[in-house]
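Novice: Please find one structure pasted underneath; my questions will follow.
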Amino acid sequence: MQLALKHLATTNTDILLSVPVGKSVLLENVDWQTFEKILTQLGDHRAARLAYDQGILEIMAPLPEHEYYKEAVGVLVQDLADVLDIDYETLGSTTWKRPDLLAGVEPDNCFYFQHESVIRGKLDFDLTQDPPPDLVLEIDITSKSLDRMPIYAKLGVPEIWRYDKGQIKIYQLQGEAYVETGISLAFPMIPVQQIIPFIQQHRAAGKKAMRRAFREWVRLQIA
């Protein structure tokens with residue numbers, strides 16, 4: 001469910017912080033300075049995710065199921081990189097933005113693989129100079145009204161994994177738009193679509209057992 005507000009003047013930070021779980025609030029006619037102010041007021045210690053595109057701002061409060069899959073897929077991606085001996089960095093729901101393009105977004109998770117050596121040790125990023133994340137994870141359980149794909153395209157993110165209706169779909173940036181594909185740029189040798197069935201099969205065993213089994217599964221894939 002989406003709550004729409006035509007003008008930011010009709011709301012305040014308290015309202016934005018109290019978006020019901022599983023719902024979103026959509027604000028129109030929000031200039032960039034106001035978006036930056038909202039980011040500052042909301043702070044970093046919050047569950048809500050923000051997305052901004054050309055004056056439209058969405059604030060989404062995720063469901064517990066959303067957060068479960070965000071975390072589960074995230075740790076298995078890290079396990080995958082570990083087994084394959086690939087250097088990586090994960091930056092969670094970092095706010096990625098380009099003021100010059102009036103675009104900003106907070107993914108469910110994001111990773112550097114191909115460009116990890118370029119950003120290694122960095123804590124501050126400027127996407128006019130630094131590369132965007134190599135891989136972004138989007139969990140489509142909680143309703144999102146603002147299409148995030150055009151935002152990621154503006155930021156130049158090369159690959160998106162989108163969890164939707166029980167499966168992972170892989171999208172790669174071609175030109176100015178994303179095209180669905182069957183092979184991951186980050187892990188071309190692994191059928192990453194199997195991650196979700198693997199999670200569902202091992203969920204009752206707990207995270208530790210799941211991760212141990214997943215690492216063994218990856219070793220079998222590359223044997």
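The values are calculated or read from the model by the stated rules, or taken from the named source; none is laboratory data. Here the structure is a predicted model, which means the values were calculated and not measured. Areas reflect the complete protein model, heavy atoms only, side chains present, ligands, DNA and RNA absent. Shrake-Rupley method; radii C 1.70, N 1.55, O 1.52, S 1.80 Å.
Novice: Which percent of the accessible area of segment 82-205 is formed by carbon and sulfur heavy atoms (probe 1.4 angstrom)?
Specialist: Taking all protein chains in place, segment 82-205 shows 47 percent carbon and sulfur surface.
Novice: For segment 106-190, with every protein chain kept in place, what is the accessible area per residue (1.4 Å probe, Å²)?
Specialist: Per residue, segment 106-190 has an accessible area of 44 Å².
Novice: For segment 60-106, build the convex hull from the C-alpha positions and give me its volume per residue in Å³.
Specialist: For segment 60-106, the hull spanned by Cα atoms encloses 83 Å³ per residue.
Novice: Right, another one. Between the helical axis of 207-222 and the dominant principal axis of the chain, each derived from Cα atoms, what acute angle in degrees is found, rounded to the nearest 10?
Specialist: Computed tilt is about 60 degrees.
Novice: Next question. Going by alpha carbons, how many degrees (0 to 90, nearest 10) lie between the helix axis of 32-42 and the longest principal axis of the chain?
Specialist: Taking Cα atoms only, the helix is inclined about 70 degrees.
Novice: Mind sorting out which of (1) 24.2, 91; (2) 17.8, 59; (3) 18.1, 63 is the real Rg and Dmax of the Cα atoms in Å computed from the coordinates?
Specialist: Comparing each candidate, only (2) matches the computed number.
Novice: Can you tell me the accessible area per residue over segment 38-105, all protein chains present, probe 1.4 angstrom, in square angstrom?
Specialist: 40
Novice: Using only Cα atoms, what is the ratio of the radius of gyration of segment 34-146 to 2.2 N^0.38 Å?
Specialist: Rounded to two decimals, the normalised Rg is 1.10.
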